[in-house]
1. Scan the strands (runs of 3 or more DSSP E) fully inside the range 109-190 and keep the ones with 1 or more residues being closer than 29 Å to residue 43 by Cα.
2. Residue 56 is checked against (1) out of contact with any Leu (no Cβ under 6 Å at 6 or more places or on another chain); (2) modelled with pLDDT of 90 or more; (3) more than 25 Å from residue 169 (Cα to Cα) and fails just one. What number does that condition carry?
3. Need pairs with beta-carbon distance below 6 Å; first residue on the phi > 0 side of the Ramachandran plot and within the range 122-142, second not hydroxyl-bearing (Ser, Thr, Tyr); sequence gap 6+ or separate chains.
4. For the range 85-103, does any single residue satisfy the condition of being free of Cβ contacts under 8 Å to residues at least 40 places away in the same chain, in contact with a Gly (Cβ under 8 Å, 6 or more places away or on another chain) and not in a loop (DSSP other than H, G, I, E, B)?
5. All but one of (1) in contact with an Asp or Glu (Cβ under 8 Å, 6 or more places away or on another chain); (2) exposed (fewer than 15 other Cβ atoms within 10 Å of the Cβ) hold for residue 219; which doesn't?
Amino acid sequence: MNRKLHLLLLCLVSFILVSADLFSQEDAGEAVPAAAEKKDKSFSFSSSRTEAILAKGKEHTILEGNAVIITNNKEIRADRIDIYGEDFELAVCSGNITVIDQENDTTLICENLKFNRETEVIIVEGYSEMEDRKNELITKSGFIEEKSQDEFTILQIGVRILKISDGETMSCRSEYAGYDRKNNILELTGMPRVYWKGDNYEASRIIVNLDTDEIKLEGNVSGSITSDE
């Protein structure tokens, strides 16, 4: 009788241990996707000279001489970079700035730039040039606001855009341009003008599909067409 009771207790303990192990495996399986979905927010920096103020509420790090910060798939190089915030949220860059975006395969060159690491927004006030190798696009403007999370870029003031397609160059001019990276659409307003294959297009609003080179004109449309002859 005691032997039977002993065997019964062993079976009961084995069942409890197996059930607990299965339960822990299920919990672990649920936790893995959550960890995988967490976005990389790594941040690193270097420079020839560094000065740091760590007082609470006054956090400020100064990088001078070959200053470099790497974060969110972006590498920013400048003569000087001032970093503010407890978590290094805001970077103010000046002098010989180059921004390399590995995710979008773009390079931005300018003299003054602000970058918010949390919102992933870049603001450039002053002349800048950007090369988009993925879409064979070169832009020049006096102001840029790039919203990485929305995949949208705003260009203003003397906007010039060159698009290379099948060996042909499309030239666009306007005072405002919205660049939708997600759909590869370029929207031009503010006296927009497009030159393409010897033709000239003007309108109140011009929309260019960068995938198909399709040009849509809206409002006060005019243009001139050059025939092959």
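The values are calculated or read from the model by the stated rules, or taken from the named source; none is laboratory data. Predicted model, so just to flag it, every value in this text is computed and none were measured. Ideal geometry is used to build each Cβ from the backbone, glycine not excepted, and the neighbour counts take in all protein chains shown.
1. Because the criterion is at least 1 residues that are closer than 29 Å to residue 43 by Cα, the strands (runs of 3 or more DSSP E) in the range 109-190 that meet it are 121-132, 137-147, 152-165, 168-180.
2. The single condition residue 56 does not satisfy is (2).
3. Sorted first by the residue in the range 122-142, then by its partner, the pairs are 126/111; 126/112; 136/164.
4. no
5. Among (1) in contact with an Asp or Glu (Cβ under 8 Å, 6 or more places away or on another chain); (2) exposed (fewer than 15 other Cβ atoms within 10 Å of the Cβ), the lone unmet condition for residue 219 is (1).
Condition check ((1) at pLDDT 95 or above; (2) within 14 Å of residue 212 (Cα to Cα); (3) of a type in the set (Val, Ile, Thr)) across all residues:
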site: 136; (1), (2), (3): no, yes, no
site: 140; (1), (2), (3): yes, no, no
site: 148; (1), (2), (3): no, no, no
site: 156; (1), (2), (3): yes, no, no
site: 163; (1), (2), (3): no, yes, no
site: 177; (1), (2), (3): yes, no, no
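Listed here are the residues, each with its yes/no results for (1) farther than 25 Å from residue 62 by Cα; (2) surrounded by 21 or more Cβ atoms within 10 Å (Cβ to Cβ); (3) of a type in the set (A, V, I, L, M, F, W, C); (4) in contact with a helix residue (DSSP H, G or I) (Cβ under 6 Å, 6 or more places away or on another chain).
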site	(1), (2), (3), (4)
88	no, no, yes, no
104	yes, no, no, no
108	no, yes, yes, no
113	no, yes, yes, no
123	no, no, yes, no
145	no, no, no, no
161	yes, yes, yes, no
